[in-house]
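The values are calculated or read from the model by the stated rules, or taken from the named source; none is laboratory data. Note that the structure is predicted; figures quoted are calculated from it, not measured. Cβ placement follows ideal geometry from the backbone for every residue including glycine, while neighbour counts extend to all protein chains displayed. These accessible areas exclude ligands, DNA and RNA; they are computed on the full protein's heavy atoms, side chains included. Shrake-Rupley method; radii C 1.70, N 1.55, O 1.52, S 1.80 Å.
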Amino acid sequence: MQQTKEHKLAEIQKKMMLVAIIDLPGTLLLAIGLYGIVVGYRLEALPMLDNPNVLYVMMAVGASIMLWGLVSMFRLARIKQQIEHDDS
């Protein structure tokens, strides 16, 4: 019984790490979009970052990914807590 509990906890930990890795680009998109809106980009190499519509879309996509990551992490944390509590 103990071995399956440890196996389940390890599996949940792997899923949490995967969610964190997938969540990283969302955080970056949101940060880059906010920076562009607040400070602004004046880059000759990337003129698309001067367009506010592109920045708003970046922020929306980033926030959506982050929201998915938040919900997934809470769900996995709840399952992990139930597993730890069941055999205690």
So the angle from the long Cα axis of helix 52-86 to the longest Cα principal axis of the chain, reported in degrees to the nearest 10, equals 10
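What do you reckon, how do Glu84, Glu6 stack up by accessible area (1.4 Å probe), largest on top?
Highest to lowest solvent-accessible surface, that is Glu6, Glu84.
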The ³J(HN,Hα) series, computed from each phi in the stretch 17-34 with the Karplus coefficients 6.51, -1.76 and 1.60 at θ = phi - 60°, rounded to the nearest Hz and given as x for glycine or proline, is 5, 5, 4, 5, 5, 5, 6, 4, x, x, 4, 5, 4, 5, 5, 5, x, 5
When the chain is treated as a Gaussian network with springs between alpha carbons less than 10 Å apart, the largest mean-square fluctuation among Leu34, Leu24, Leu43 is found at Leu43
Of the candidates Leu67, Ile79, Leu55, the farthest towards the positive dipole end of the chain (Lys/Arg Cβ +1, Asp/Glu Cβ -1, centred on the Cα centre) is Ile79
Here FRET efficiency (C-beta to C-beta, Asp86 to Ala60, R₀ 25 Å, nearest 0.05) is 0.05
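Quick one: compute the contact order of the chain, relative version, from alpha carbon pairs under 8 angstrom and 6+ residues apart, as a percent. Kindly include the intermediate steps, with their values, before the conclusion.
Values: 64 pairs, mean separation 34.7, N = 88.
Once divided by the residue count of the chain, the mean separation gives 39 percent.
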Residue separation between Ala31 and Val71 times 0.36 nm, minus their alpha-carbon distance, gives in nm 12.4 nm
Counting only DSSP loop positions in the stretch 12-88, the trypsin sites (Lys or Arg not before Pro) whose Cβ has at most 16 other Cβ atoms within 10 Å are Arg42
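Sort 62-68, 46-52 by the packing proxy (mean of other Cβ within 10 Å over each peptide's residues), most packed first.
Numbers: 62-68: 16.0, 46-52: 12.4.
The densest-packed peptide leads the list: 62-68, 46-52.
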